[in-house]
Every structure is written in C-alpha cells, then in structure tokens.
Amino acid sequence: MAAASFASREELKKARDLEEARKAGTIPAERDEEGKEINPHIPQYISKAPWYLNQSHPGLKHQRQQAKTPGEISDIKKGLIQGSVTTKFRKGACTNCGAMTHNAKACVERPRKIGAKFTGQDFKPDEYIVVPERDFDGKRDRWAGYDTSEYTKVISRWQDVEEERKLKKAEDFERTAHDNGTESAKKKKKPKKDGDSDSDSDSDAESSADEEFAERDTANNAPVAGYDPRTKTTIRNLRIREDTAKYLLNLDLNSAHYDPKSRSMRENPLPHLKPDEQVFKGDNYVKFSGEVKDMGELQLFAWDAEHKGEAVDPLALPSQAELMFKQFREKKDSLKSVQRQQLLSKYGGEEHLEQPEEIKFAQTESYVEYARDGRVLRGLERAAVRSKYEEDIYPQNHKSVWGSYWREGRWGFACCHQFVRN
C-alpha cells in the first residue's frame, strides 16, 4: 500500500478476527483486482506490496512476473533523416558540417578548412537520435541491436571449410592409393545396411582420427592432474609418493618459497649444489626448458608477420605457422651465407677465418707450478692493474721515469738524480 494508515485497537481486533475466520474457512477468501482468490495462509510480508509500487488493493500481482514491453531495437530508425537539407546555419549546430544532432567535437565528417558555419555551403542532414525506453535488463543487454542474420555468414564459412576438408581428404586418399599401386587401397564399398549413410562413415573416420590424436597427445604429455571420485574434485600437480616433496628438499627458512595451495616452488631450492646433483631446479626452470624457447620464437614470428600483413596464427593453424617459420629461417640462413660469400669474394680474407691446426695445439711459454694438493704455487700471478695515466715514459733519454727519486722534498729521476724534469 502507499502508506500504512493509523488503526485503532478495535479496528485491529476486527482485522485479526477476519483473518482467523478466513483461515478457518468460515468466510470466503479475499480477492485481488483480477478476481483471483488470495490464500489466507500467505504471510503478510509476502501478500503486502512494497510502498513504492503504489498498489492500493491487496493481491499477489507484485509477486508475479510482469510483462515486459521494451522498445524493439529493430524498429529504431538509423542513419540520416531523408528530406530537404537546410541552407542556413542554425544556432547550436555543428560548426563543421551544419547538422543539429551533434557538435564539432563529435562530428565524423572530414574536418574542413573553413566550416559550414562560415561558408554557408554544403550543409549535411541531421541523424536519427532515438533513445528507446528499456527496462533494467534491456539496458544491460550486450546483444541489443544485433542482427541475427549476420550469423548465417559464420555458418556458411564453416560449411565451406568442411567441404574443402572433405575434398582434401579425398585427394589425399587417391594420391596414397595411386602411390601404393595396390588393389587393396581401392577396396570395393561394402553394401550399406538400412539406415546407414555416408555421414556415418565420415563420423567414424573423424572419431578414429580424434582417438588417434588423443592417444598421441597422452603419450607425449605427462599427467598433471587427477580426479578423486570421492570428493569430486580435480587434484593438480600430482607427484609419485616415493619422491621427496619439494618443501623437504631444503628446510632453510630463507630458501625458495613454496605455495601449498598450488603446490608450486618457482625458484631453485638447491642453488648451492652442482647442476648435476640438483634433483629439482624449480618450476620456472621446467617452464622455460625444452621447446618453450622455440614456441616463443614462433609466436614472435607470428606477430611480426601479422604486422607485415601476413595472417599467421600459431594457435588456430599450428602446422601452417611452423612450416612458414621453418621456411623463414631457411631463407634467412641462405641470405646470410650469400652475403658472406659476396663479402669474401669482394674483399678476400677467407684464409683467415679458419684457425690452422698447428696453432690450435701449439705449445706456450707460460709456466705454472702446482702443489701436491692442486694449489697453484706460481706462474699465474695476477697482472698489474694499469691506470688511466701514461706509464713507462722515459723522457730526454733517461733510464727511469720521473718521480722515481725523492730527496729533501723534491722529486727527480733515479738514474741520474736530476731534479729538472724537462
């Protein structure tokens, strides 16, 4: 109801007695606006309408699904208003094209050097601006205004792809039969039973191909998840129970972090051991080993090719992308070799590219002396660190450098004890 009016004690008592009588069945049930009976056993918090609905009579109309009458998107007019176009600039119109339905900032026409406001020529017609009245769901409908006939293009495209796949499959089969040259490849078709059709054979071939792909995929990839039928949950990152858990490899508090929820340890828990002694090098090492680098290079190649106008998708067409990437690398290597040969033929020096065998295994004059325990006694002394200043400069035919002699607060040459530098 709109508002709860004040009721006296006698009125409340009468309403309570009337409600009890309706529940007992001595009095007919109350009816709503549509003439339908209201169950007297329904609580008041359900039967009473909220105050904002302004419902004066009792009933359950507010509990039923209301008829929705939103504006149809297909009925909305779009485009330009047909008819005569104005020949005079109107106040508030776009200064660029002269239309009243938008301003110069939202104008989609080509920016003119001098707008229609000042030239008074070539005014554009107005557009239809209609805001349909929609309900709560209509305002949030992401498919509002979508033409369902557009999806027929998607269906026809996939049908063309399926037809092309069948033709390609038939060509491959004929080519294989021709190469084998045997009559077994050209078996006669068995008589079809009632209810059999070519679609059954096609589906059987597709299912066998899918099973073969699933078996190959299962053989190449190790299982990473399991299913527990008791709890109906998926278990991730399973390990063999005989193997040592990741969090037990290094019990140091400052060791690699272990996430118990995902059962992952990204860093290496044993960095102090030799590489051949490390039984586990972290999840990051596993993720970036193997063919991960090749997959990254393939993805970069696909991005570069897409920027240059070539449609390459390693996810949708992995075989095509791999073949194109292989051809690209071969062409790149051949161009490098051709360029190298051109440089060598023009400037020469091919004999200096390969190191002679006598130099590879030649003896050296460096002498190193080792102790019994393998320590280096002498022979590998660290070379003196050279500074940025000039060193070993002997001016005026001196045998020593300037500053090698000092006496009574004066610097000189140690060879002749001379204090004059120049």
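The values are calculated or read from the model by the stated rules, or taken from the named source; none is laboratory data. In this text, all values refer to a predicted model and were calculated from it rather than measured experimentally. Because the Cβ atoms are built from the backbone with ideal geometry, glycine has one as well, and the counts that use them run over all protein chains shown. Side chains included, ligands, DNA and RNA excluded: accessible areas come from the protein's heavy atoms. Shrake-Rupley method; radii C 1.70, N 1.55, O 1.52, S 1.80 Å.
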Legend entry - Given charges at Cβ of Lys, Arg, Asp, Glu: segment 243-351 dipole, positive-most of Leu335, Tyr247, Leu300: Leu335
Legend entry - Solvent-accessible surface (1.4 angstrom probe) belonging to Met100, in square angstrom, nearest 10: 80
Legend entry - Inter-label distance, nm, simple model (7 Å from Cα along the C-beta direction), Lys293/Ile129: 6.1
Legend entry - Distance in nm between pseudo-label sites at Tyr45 and Glu391 (7 Å out along the Cβ direction from Cα): 9.3
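Tell me, in nm to one decimal, what length is gained between Asn180 and Leu317 on full extension, where the rule is 0.36 nm per residue of separation less the Cα-Cα distance?
Values: separation 137, 0.36 × 137 = 49.32 nm, distance 2.94 nm.
Roughly 46.4 nm would be gained on extension.
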Inset, instruction - Mind checking which of Ser47, Leu18, Ser8 is farthest towards the positive end of segment 5-59's charge dipole, using Cβ charges of +1 (Lys, Arg) and -1 (Asp, Glu) about the Cα centre? - result: Ser8
Inset, instruction - Starting from the Cα of Val154, step 7 Å toward the Cβ, then list every residue of segment 300-320 with an amide N under 19 Å from that point. - result: 316-317
Legend entry - Cross-link pairs beyond the 32 Å C-alpha cut-off, checked among Lys153/Lys293; Lys168/Lys331; Lys274/Lys332: Lys153/Lys293; Lys274/Lys332
Legend entry - Cα→Cβ-extended label distance, 7 Å offset, between Arg31 and Gln121, nm: 7.7
Legend entry - Linear extension gain, Glu310 paired with Ala21, 0.36 nm per residue minus alpha-carbon span: 95.8 nm
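How big is the charge dipole of segment 272-422 about its Cα centre, in debye rounded to the nearest 20, if each Lys and Arg gets +1 on its Cβ and each Asp and Glu gets -1 on its Cβ?
Numbers: 23 positive and 26 negative charges, 192 e Å.
Rounded to the nearest 20 debye, it is 920 debye.
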